Protein chains: 2
Amino acid sequence: MSNVIEIPFETTLLVRDSCLCLQVQRAARALARRFDEALRPLGLTNGQFSLMMSLNRPEPAAMGPVATLLAIDQTTLTAALKPLTRRGWVNILPNPKDRRARLLGLTPSGKAVLAAAVPIWKLTHAEVEARLPDGNADRLRKVLLALS
Amino acid sequence: MSNVIEIPFETTLLVRDSCLCLQVQRAARALARRFDEALRPLGLTNGQFSLMMSLNRPEPAAMGPVATLLAIDQTTLTAALKPLTRRGWVNILPNPKDRRARLLGLTPSGKAVLAAAVPIWKLTHAEVEARLPDGNADRLRKVLLALS
DNA sequence: GACAAATACATTGATATCAATATTAATGAA
DNA sequence: TTCATTAATATTGATATCAATGTATTTGTC
């Protein structure tokens, strides 16, 4: 006897059409490709842009809050900083108040790259937002926040 | 003279609060972690679940359409298949109609794992959807599709 | 049929992502 | 003060992701 378990094709269609995880991953990949392509002339990816922008603060930032803001694991942040420090765009300094901690900041050349990226971000973002029916962008942001 | 370009902090706040790319990536990571955790007892990640579910078809699938459905690069699909074939959950057969192409299918043990994952997916998805105000899930799906 | 162009997939190299674990330092309780 | 606990970050290993590129095959045109 053959005991192969068959999953109904309707289940596959249900997942394809309703799974918010799949659909958010898909949108995330599509948006990432779009922003990556636009930022490529600067040698930046969308994630590096977001990370560097989050480091543009009056006071240098510790790693924990930055990881939380980006909703990435702390170990991912450690790894993501390496290419940025290697290129001299981000500096990592010891925190005199807590010798376990590090303080993250943008270097002058990092600020220059980031400043050049801002108009690209604005243009690309406007193009993306234009694809959405009026008002949907704000609602989308609220819902995404509820999922994060 | 110091020629350091400064990006206004307001720009940082604008990106943080309005960038759909950042916010979709954040939600994608949060949802991925949630589904990964739920599926971990089966040794599946959210992406492997979506990929295997997309292979549950009456006829075996070629690689191109699967990559398009998942909105991943074709080279990503090639890489993603490796751990699944190694575990004996997915088989890759030559396509007699086109010797360049491959036909992807689930093995019996792959179907068994996937069948065990379905109730976990249903439960986890219901929990996630419950966090959204009524009716927002459908609207969200439409908007995500427009972004993909 | 010959051949250029297009198509399907694989490989390589770089970065992204997280779980598990390790290291170092600060904190709190006895 | 001592020492167990907690907190901040790093390392390792596995997988995910894509650009650039390579290989094999098919297709369309002459």
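For this structure, a couple of remarks:
- Taken together, B:Leu114, B:Leu103 contain a single residue that is buried (at least 17 other Cβ atoms within 10 Å of the Cβ) and under 17 Å from the mean Cα position of the chain (by Cα), which is B:Leu114.
- Of all residues making up the range A:123-148, the number that are facing chain B (nearest Cβ under 7 Å) and hydroxyl-bearing (Ser, Thr, Tyr): 1
- Test: residue in the range A:113-121 that is in contact with a strand residue (DSSP E or B) (Cβ under 6 Å, 6 or more places away or on another chain) and farther than 16 Å from B:Leu147 by Cβ: no
- Any hit, the range B:127-140, residues being assigned to a helix (DSSP H, G or I), more than 25 Å from B:Arg40 (Cβ to Cβ) and aliphatic (A, V, I, L, M): yes
- Inclusion of A:Ser54 among residues that are over 14 Å from the mean Cα position of the chain (by Cα) and without any contact (Cβ under 8 Å) to a residue 24 or more places away in the chain is not warranted.
- Any hit, the range B:97-110, residues being over 30 Å from A:Glu127 (Cα atoms), in contact with a Phe, Trp or Tyr (Cβ under 9 Å, 6 or more places away or on another chain) and in a helix (DSSP H, G or I): yes
- Matching residues in the range B:17-37 - criterion: being farther than 20 Å from B:Leu140 by Cβ and more than 11 Å from DNA strand D (Cβ to nearest atom): B:Glu37
- Entirely in the range B:9-94, the helices (runs of 4 or more DSSP H) that have 2 or more residues that are more than 9 Å from DNA strand C (Cβ to nearest atom), facing chain A (nearest Cβ under 7 Å) and out of contact with any Lys or Arg (no Cβ under 7 Å at 6 or more places or on another chain): B:9-18, B:20-39, B:46-54
- Qualifying residue in the range A:43-62 (condition: among the aliphatic types (A, V, I, L, M) and at pLDDT below 95): yes
- Residues located in the range B:106-120, provided they are touching a residue at least 60 places away in the same chain (Cβ under 8 Å) and more than 7 Å from every other protein chain (Cβ to nearest Cβ): B:Val113, B:Ala116, B:Ala117, B:Ile120
The values are calculated or read from the model by the stated rules, or taken from the named source; none is laboratory data. Everything numeric here is computed off the predicted structure, so don't read it as measured data. All Cβ positions, glycine included, derive from the backbone under ideal geometry; neighbour counts span all protein chains shown.
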